[in-house]
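The block underneath contains the structure these notes are about, expressed in structure tokens.
The values are calculated or read from the model by the stated rules, or taken from the named source; none is laboratory data. Predicted model only: the values in this text are computed from it and were never measured. Here the Cβ positions follow ideal geometry from the backbone for every residue, glycine too, while neighbour counts run over all protein chains shown. Note: accessible area is taken over every heavy atom of the protein model, side chains too, but ligands, DNA and RNA are not part of it. Shrake-Rupley method; radii C 1.70, N 1.55, O 1.52, S 1.80 Å.
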Amino acid sequence: MDSHAKPSPAAFLQTLFKAAVAAAAPAACLPRHLPPPRGRTVVVGAGKAAAAMARVVEDHLPGELSGLVVTRYGHGVPCARIEVVEAAHPLPDEAGRAAAGRILAVAQGLTSDDLLLVLISGGGSALLALPHEGITLADKQQVSRALLKSGAGIGEMNCVRKHLSAIKGGRLAAAAYPARVLTLAISDVPGDDPAVVASGPTVADSTTCADALAILEKYRIAVPPRVRALLESGAGETPKPGDLRFVHGETRIVATAQASLEAAAAAARAAGVTPLILGDAIEGEAREVAKALAGMAKSCGRHGAPLRPPCVLLSGGETTVTVKGQGRGGRNAEFLLALALALDGAPGIHAIACDTDGIDGTEDNAGAVMTEDTLARARAAGLDAKARLADNDGYGFFAALNDLVVTGPTRTNVNDFRAIYIEGSSR
């Protein structure tokens, strides 16, 4: 980095995060995937980026256009021809249920001359909260609440959600047959499997009711009797690969965590810092991932391996938190607090961890920044880092240090972004 105009480590890390988010912005990634105008186009969608995606569609597609998308409260964007509805996330609410019902009804009225353009992004699973016949919204809320606290991975959670839904797990595309269906998705899931993004409302589902039951058993989640009956009877089964109702469908992933990590890597190189992308699909308990990455960062600082400083370790994916405490948190704040403890003040190492949607869990921050003196400042402020981690209170810890990263809704979502910057000895 230029020593005459060197930003602070925290500012440098936030520059990398901004580059990652910008690469996944709908205005940057969506236009080249839009279909040429042909006949009637009906637009539906769900997710934290859905409204921003709808606006891009309006800006680039002329002609007859109508439809409805549902996004999280506070993530709306003004649109002229596509209606935008806001609803709750991560726990579904009545507004999401009503919007999902309307979206399904729109799809059921299409013909082979029509195109259903489906805009999907992270958060869409909770926002498309249309319960399967025989269960209630309250049932789905109870199961969702338990899953969120269980430590289950996003693929596991969405497997259960699909089999309790009247619209997810391919059911939206099945309802739209014989219309053409083009799904454009911003991926927030490790591996970028379109069947997992927003629980794949337009993608054939290879998982089963038995799989969903096994996940509930694995995490010892008690469910309402109606939910268990739905799964045990097989009545909640989803449309499978090979179903002819998917013959007119196409899905394109338009933004990924990997592309955002590559954008951050380019920004690091431009600043004279060597980047290493560790992976775009890292999963596991946030505090365990932190321990592993702390070891790698210390190795860089002490031994110059796998990289010589100045360098930055980049990673994406979605860690999990098994909630046992009563604190306020999010998986990124939890990761950083565990990382600070694992590094134990190792000199010249700083980090950022943020959710690219601007919301870490259910809080008002995207994530936080950790510096080499985080623990020292915490002790001076009377903060017990170990106790805060045990209470899952990463938010409270970093708020007290004024180290939260607050962006507001970014209106995109390619999952978590983590960067660990190792300055080296010459600073």
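Sequence-ordered 3J(HN,Hα) estimates for region 20-27 from the Karplus curve with 6.51, -1.76 and 1.60 and θ = phi - 60° stand at 5, 5, 4, 5, 9, 5, x, 5 Hz, glycine and proline given as x.
Which order, highest average first, do 214-220, 135-141, 327-333, 310-316 follow once you tally other Cβ atoms within 10 Å for each residue and take the mean per peptide?
Values: 214-220: 14.9, 135-141: 17.6, 327-333: 25.6, 310-316: 23.7.
The peptides rank, most packed first, as 327-333, 310-316, 135-141, 214-220.
Give the residue from Pro306, Leu383, Gly317 lying farthest towards the positive end of the charge dipole for region 254-408; charges sit on Cβ (+1 for Lys and Arg, -1 for Asp and Glu) and the dipole is referred to the Cα centre. The listed residue farthest towards the positive side: Pro306.
Between the listed residues Ala24, Ala107, Ala212, the Cα displaced farthest toward the positive end of the dipole of the chain, a dipole computed from Cβ unit charges relative to the Cα centre, is found at Ala24. About its Cα centre, the dipole of region 222-338 is roughly 420 debye, where the only charges are +1 on Lys and Arg Cβ and -1 on Asp and Glu Cβ.
Taking the highest mean first, how do the peptides 121-129, 71-79 order by number of other beta carbon atoms within 10 angstrom per residue? Walk me through the numbers before you get to the answer.
Working: 121-129: 30.3, 71-79: 20.3.
Ranked from most to least packed, the peptides come out as 121-129, 71-79.
When a/c reaches 1.5 or more, the comparison of a/b and b/c decides; with that in mind, is region 280-340 rounded, prolate or oblate per its Cα gyration tensor? Prolate is the answer for region 280-340, as a/c is 1.5 or above and a/b outweighs b/c. Taking label points 7 Å from Cα along the Cα-to-Cβ direction, Glu133 and Thr274 give a separation of 6.3 nm. Angle of helix 209-218 to the longest C-alpha principal axis of the chain, folded into 0 to 90 degrees and rounded to 10: 30°.
With both partners inside region 73-224, how many of the DSSP beta bridges are antiparallel, as a percent to the nearest 5?
On the way: 1 of 8 bridges.
Percentage antiparallel, nearest 5: 10.
What you get for the chain, charging only the Cβ of Lys and Arg (+1) and of Asp and Glu (-1), is a dipole of about 200 debye around the Cα centre.
Amide H to amide H distances under 5 Å link Leu65 with no residue, where only residues 5 or more positions off or on other chains count and H is placed in the peptide plane.
By DSSP, the beta bridges lying fully in the chain are antiparallel in about 35 percent of cases.
Protection proxy ranking for 227-234, 407-414, using the average of other Cβ atoms within 10 Å per residue and placing the highest first: 407-414, 227-234.
For the chain, just say rounded, prolate or oblate: build the C-alpha gyration tensor, square-root its eigenvalues into a ≥ b ≥ c, call rounded for a/c under 1.5, and beyond that prolate if a/b exceeds b/c, oblate if not. Verdict is prolate for the chain. In the chain, the longest principal axis of the Cα atoms and the axis of helix 137-150 are about 30 degrees apart.
Rolling a 1.4 Å sphere over the protein heavy atoms, what is the accessible area per residue of the chain, to the nearest Å²? Please list the in-between numbers first.
Numbers: 16180 Å² over 427 residues.
Spelled out: the 1.4 Å probe surface of the chain, per residue, equals 38 Å².
Amide hydrogen proximity for Val85: with H placed 1.01 Å from N in the peptide plane, the residues at 5 or more positions away or on another chain lying under 5 Å are Val69, Val70, Thr71. For region 147-266, the gyration tensor built on C-alpha atoms gives an oblate shape. Its axis ratio a/c (a ≥ b ≥ c) is at least 1.5, and a/b is not larger than b/c. Amide H contacts of Ile282: Gly316, Gly317, Glu318, each under 5 Å away and 5 or more positions distant or on a separate chain (H built 1.01 Å from N in the peptide plane; Pro and chain starts excluded).
Relative to the longest principal Cα axis of the chain, at what angle does helix 331-343 sit, 0 to 90 degrees, rounded to 10? Value to nearest ten degrees: 20.
Entry note, the chain: the mean residue ellipticity at 222 nm calculated from DSSP H runs of n ≥ 4, each adding -39500 (n - 2.57), is -11000 deg cm²/dmol after division by the residues and rounding to the nearest 500. The value obtained for region 18-97, namely the Cα convex hull volume divided by the number of residues, is 95 Å³ per residue.
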